[in-house]
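The values are calculated or read from the model by the stated rules, or taken from the named source; none is laboratory data. For clarity, every value in this text was computed on a predicted model and none was experimentally measured. Cβ: placed from backbone, ideal geometry, glycine included. Neighbour counts: every protein chain shown.
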Amino acid sequence: MMAQIAIVDDHPIFLDGMAQFLTSHGHDILFCARSVEEALERMQAEEPDLLILDVSMKSGGGLAILSAIRGSGSTVPVIFMTVHIRPEQTLEAIKLGVDGVVLKDSDPNELLSCIQQVMSGNKSIAPFVMEQALVHSISAPASEANALAALTERELEIAGLIRAGLRNREIASRCGLTEGTVKVHLHSIFQKLNIKSRSELIIMMMSMDSEMPAVGVEH
């Protein structure tokens, strides 16, 4: 089943190689992007049949893109292709509606099989990845239940907008702040929650949605 595919990965050689591999097997590459920001911008103008995303990129990687496009109402099938994905990332990706996960050290035919499965409307997550996620979901303690209580009202608002997929510039405009002030708040949020990236923040927010106040995000 031929598909128009968009690939997002911040390693140019790998990106080019994957594009050539998929083209040689009958697929069309609609576009390639090297960052979260570029991918989201391209998605506003172009509609691929399938997205293949790297999880480990700056600005939240594949989880940030998946969260943003699902938040906008897009149901485009999404495959994560990555060297490694943590169990909690897998669980959040599943909550967000990821369709497939393939590890980069897999046989190339596994990617082709995953694409075929996903384009047929099925889920295709690497067995090892799913096993790790299931073990984590059973054994992980609920130690983060009150983590958001450390945030101020403004920080909660900004965290909620990040959860919704907004970028710093958009958050600044929404909240009547400068981008610099948003970055200061974001640094404070990271310190208080003991996290280092937007993707970790999104994961934490997704796991505690019931405790999050509404922030009036409009689409």
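Any residue at all in segment 41-57 that is basic (Lys, Arg) and in contact with a helix residue (DSSP H, G or I) (Cβ under 8 Å, 6 or more places away or on another chain)?
Checked against the condition, which is being basic (Lys, Arg) and in contact with a helix residue (DSSP H, G or I) (Cβ under 8 Å, 6 or more places away or on another chain), segment 41-57 yields no hits at all.
Can you find, within segment 72-85, the residue that is surrounded by the most Cβ atoms within 10 Å (Cβ to Cβ) among those that are among the hydrophobic types (A, V, I, L, M, F, W, C) and touching a helix residue (DSSP H, G or I) at 6+ places or on another chain (Cβ under 8 Å)?
Out of the qualifying residues, it is PHE80.
Would a scan of segment 42-50 turn up a residue that is surrounded by fewer than 16 Cβ atoms within 10 Å (Cβ to Cβ), of a type in the set (D, E, K, R), closer than 23 Å to LEU201 by Cα and assigned by TED's automatic domain parsing to the domain that holds ASP10?
Taking every residue of segment 42-50 in turn, none turns out to be surrounded by fewer than 16 Cβ atoms within 10 Å (Cβ to Cβ), of a type in the set (D, E, K, R), closer than 23 Å to LEU201 by Cα and assigned by TED's automatic domain parsing to the domain that holds ASP10.
Return the pair list, or none, for Cβ contacts closer than 9 Å from residues in segment 164-185 that are among the hydroxyl-bearing types (Ser, Thr, Tyr) to residues that are part of a helix (DSSP H, G or I), at least 6 apart or on different chains.
THR178/ALA172; THR181/ALA172; THR181/CYS175
Being closer than 26 Å to PRO108 by Cα, assigned by TED's automatic domain parsing to the domain that holds PHE128 and buried (at least 16 other Cβ atoms within 10 Å of the Cβ): is that true of ILE69 here?
no
Can you spot a residue in segment 107-118 that is modelled with pLDDT of 90 or more, more than 17 Å from the chain's Cα centre (by Cα) and part of a loop (DSSP other than H, G, I, E, B)?
Checked against the condition, which is being modelled with pLDDT of 90 or more, more than 17 Å from the chain's Cα centre (by Cα) and part of a loop (DSSP other than H, G, I, E, B), segment 107-118 yields at least one hit.
Only one of (1) modelled with pLDDT under 80; (2) surrounded by fewer than 20 Cβ atoms within 10 Å (Cβ to Cβ) is not met by GLU155, so which one is it?
Among (1) modelled with pLDDT under 80; (2) surrounded by fewer than 20 Cβ atoms within 10 Å (Cβ to Cβ), the lone unmet condition for GLU155 is (1).
Out of the residues in segment 186-199 meeting the condition of being out of contact with any Phe, Trp or Tyr (no Cβ under 8 Å at 6 or more places or on another chain), free of Cβ contacts under 8 Å to residues at least 40 places away in the same chain and of a type outside the set (Ser, Thr, Tyr), tell me which one is surrounded by the most Cβ atoms within 10 Å (Cβ to Cβ).
So the residue we want is ILE189.
Could you list, in sequence order, all residues of segment 86-101 that are surrounded by fewer than 20 Cβ atoms within 10 Å (Cβ to Cβ) and assigned to a loop (DSSP other than H, G, I, E, B)?
ARG86, GLY97
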